[in-house]
1. Could you check what % of the DSSP bridge pairs in the chain are antiparallel, to the nearest 5?
2. By a straight-distance test (C-alpha under 29 Å), which lysines pair with residue 278 as possible cross-link partners, with residues fewer than eight away in the same chain excluded?
3. Straight-line reach from residue 172: which lysines fall under 25 Å, measuring Cα to Cα and dropping same-chain residues less than 8 apart?
4. Could you sort the peptides 255-262, 6-13, 84-91 by per-residue average Cβ neighbour count (10 Å cutoff), highest mean leading?
5. Let me spell out the model: positive unit charges on the Cβ of Lys and Arg, negative unit charges on the Cβ of Asp and Glu, origin at the Cα centre of region 238-306. What dipole size does that give, in debye rounded to 20?
6. Compare 250, 14, 182 in a GNM of the chain, Cα atoms joined below 10 Å, and give the one with the largest fluctuation.
7. Tell me, how many Å apart are the Cα centres for region 234-296 and for region 7-71?
8. Where does each of 150-158, 46-54 land if you order them by average Cβ count within 10 Å, highest first?
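What follows draws every value from the coordinates through simple rules; no lab data is involved. Worth saying up front: this structure is predicted, and the values here are computed from it rather than measured. Methodologically, a virtual Cβ is constructed for each residue, glycine included, from the backbone with ideal geometry; neighbour enumeration extends over all protein chains shown.
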Amino acid sequence: MLIDIVSVFPEYFSVLDLSLLGKAQSKGLVEVRAHNLRDWTHDVHHSVDDTPVGGGAGMVMKPAVWAECLDELLGLEPQDMPQVDPTAELWDEPVQDSAAENLDDAANPDDTVDSASTAGITDVADTVLIFPNPSAPLFTQRDATQLSHARHLVFGCGRYEGYDARVPRYYKARGVDVREYSIGDYVLNGGEVAVSVMLEAITRLLPGFMGNPESIVEESYTGSNALLEHLQYTRPTTWRGITVPAVLTSGDHGKVDRYRRDQALARTADIRPDLIEKLDCAALSKADRKTLIALGWEVSGRNPRKL
Ligand code: 6GU
C-alpha cells in the first residue's frame, strides 16, 4: 500500500516511522510519504489560505494549491469541470469510473460509495482520496476495513477553518473515490492527528502487519455484531488484595466464554446502548437473548429495543 499525506506540517508524520508502522515500512508492506503542501505554491510567501468568501472568521485553504498537489499525486491532468455542483453532498451519489487510477473498478460500473453502514467491506477503489473533516461522517472500523483493501491512499490535511469545498467535489467528478471523515465529536486544530488515527486503524489490518493475526479476528466485531470487549486480567490472581472473578480461574472454558460474552453484552448495554440497538436479533444465540432480556431489552424484533 502506498500512502501519500499532504499537510503544512509534514514533520508531524515522522512518528509513523516508529513502532509497528515503522516495521511494516521496513518490511515493504507500506510506503508512507509525507508532503508539504507549500511545495506546490508559487508565491514568495508560500501562502495556502485566503479569507472565506461571504465573510467570517478564520482562513480557508485555497483550491488551486491543493489541485496542483493532488493532480500530481493522483496522476491527473488539470481539467475544468464547470458542471460540478459546489454544494453537492459527497456521500450519496455513485462514483464515476473515468479516472485512469480507477481501472480496477471498470468491471463494476454500478459501484457506489455509500455511507459506510451499507457498503460492503471491499467496496473501495484502487486509489482513495481522503480528507479529515470535523463536519463529515464518523470514521468507523468498517471504513478502516474497506480502506485496507485499497492500493493507494492520499490524505489531504486541512488547517485553519478548512479547505475550499470544491476540491473534494472536483476530484469525485473526475472519477476518484473521495471520502471525508471525522474521527469524533470534538474539535482538533487540524487533520494531522485524525490522519494518524485513521492510518493506524487501516494499516494494522494489512495482511502481514500484525504479529498475531488472531488478535484482529477476535476484535473484528463490526457493524451488526459490534460489542465492547470484556475486562481482562493477568497474574497474580490476587493483587493488592483484589482477586479476579473466580470463574476465570475455574478452568471451565465454556463457563469462561459465557461469562465474558455476558459481560461484553452488559458493558455495551450500559456504556454504548446504541451498539446494542444495531445488533441483529436473528444472529444472537439463545443465551445472548436471555442475557439481553435480563438486562431489560426486548429481542423479538429485528433489532433489540430497550424496554
Ligand atoms: Cl477529521 N479534523 C478536525 N480538525 N477536527 C476533528 C476531526 C477532524 N475529527 C474530529 N475532530
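1. Close to 25 percent.
2. In chain and number order, the partners are 255, 286, 290, 306.
3. List returned: 62.
4. Ranking, from highest mean packing down: 6-13, 255-262, 84-91.
5. 20 debye
6. Of 250, 14, 182, the Gaussian network model singles out 250 as fluctuating most.
7. So the two Cα centres are separated by 44 Å.
8. So the peptides 150-158, 46-54, ranked by packing, come out 150-158, 46-54.
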